[in-house]
Amino acid sequence: DTPPSDTSPEPACLALRADDAYAEVFREGVRIGNTREKGCQTLDPGTHTFLLRARGIVDKEVVVTLEPGERRTEVVTLERRPARVRFPDRFEDDCIAILDGAPTGTLAALGREIRVSDPAAPHVLELRCGRQTWHRAWEDGIRFPELTFDGQAVP
């Protein structure tokens with residue numbers, strides 16, 4: 001008598017990592033972990049689609065095909081969403097916003113906010129209101145997807 005053989009393929013193990021950002025990992029709409037967790041997810045061999053999502057990054061779909069018994073770490077590059085800087089009502093509508101030395105418009109024309117397309121880079125934002133100038137610098141980039149301008153008055 002020979003025992004019945006188990007014909008199911010050996011499971012695979014996948015770890016999804018992000019190069020420099022945190023993101024939650026979803027599979028078929030269910031959260032299964034994040035990009036900073038230790039270890040890996042045990043999965044059936046085959047093709048799997050994952051969604052990486054976090055505040056401040058662009059959603060990223062990742063498709064991975066795994067072989068039976070395969071152990072893999074997949075490193076994914078995530079893209080930051082443009083940052084949005086809002087201007088509080090204490091600043092007049094005719095104040096002029098200047099991002100990295102380039103005038104972008106009055107607060108009224110900008111809808112009282114400015115979008116920064118590359119938030120990871122250093123930026124300087126000035127607000128000129130008549131004779132008064134307000135200044136804010138982000139030397140290490142803008143780390144939050146939305147924030148309120150909190151510039152300091154320049155003497």
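Structural remarks
- Flag if Gly69 is of a type in the set (Gly, Ala, Ser), modelled with pLDDT of 90 or more and within 24 Å of Arg143 (Cβ to Cβ): no
- Whichever residue in region 3-36 is assigned to a loop (DSSP other than H, G, I, E, B), modelled with pLDDT of 90 or more and not polar (S, T, N, Q) and, among such residues, is surrounded by the fewest Cβ atoms within 10 Å (Cβ to Cβ): Gly29
- Taking the criterion of being closer than 21 Å to Ala153 by Cβ, part of a loop (DSSP other than H, G, I, E, B) and acidic (Asp, Glu), the only residue of region 98-137 that qualifies is Asp100.
- Scope region 55-65; condition part of a loop (DSSP other than H, G, I, E, B) and more than 26 Å from Pro119 (Cβ to Cβ); matching residues: none
- Subset of region 37-54 [surrounded by 12 or more Cβ atoms within 10 Å (Cβ to Cβ), in a strand (DSSP E or B) and not aromatic (Phe, Trp, Tyr)]: Gln41, Leu43, Gly46, His48, Leu51, Leu52, Arg53
- For Ala153, the criteria (1) assigned to a strand (DSSP E or B); (2) touching a residue at least 40 places away in the same chain (Cβ under 8 Å); (3) not β-branched (Val, Ile, Thr) hold in every case but one, which is (2).
- Unique residue being out of contact with any Lys or Arg (no Cβ under 9 Å at 6 or more places or on another chain) and not aliphatic (A, V, I, L, M) when the list is Glu61, Glu24: Glu61
- For region 130-150, a residue qualifies if it is closer than 17 Å to Asp94 by Cα and surrounded by fewer than 17 Cβ atoms within 10 Å (Cβ to Cβ), and the qualifying residues are Gly130, Arg131, Gln132, His135.
- Residue among Asp140, Asp44, Asp118 that alone is more than 26 Å from the chain's Cα centre (by Cα) and of a type in the set (Asp, Glu): Asp44
- Subset tally (residues that are touching a residue at least 24 places away in the same chain (Cβ under 8 Å) and either in contact with a Pro (Cβ under 7 Å, 6 or more places away or on another chain) or of a type in the set (Val, Ile, Thr) (or both)) for region 71-110: 12
The values are calculated or read from the model by the stated rules, or taken from the named source; none is laboratory data. Just so it is clear, the structure is predicted and the values come from calculations on it, not from any experiment. No Cβ is skipped: glycine too gets one built from the backbone with ideal geometry, and neighbour counts run over all protein chains shown.
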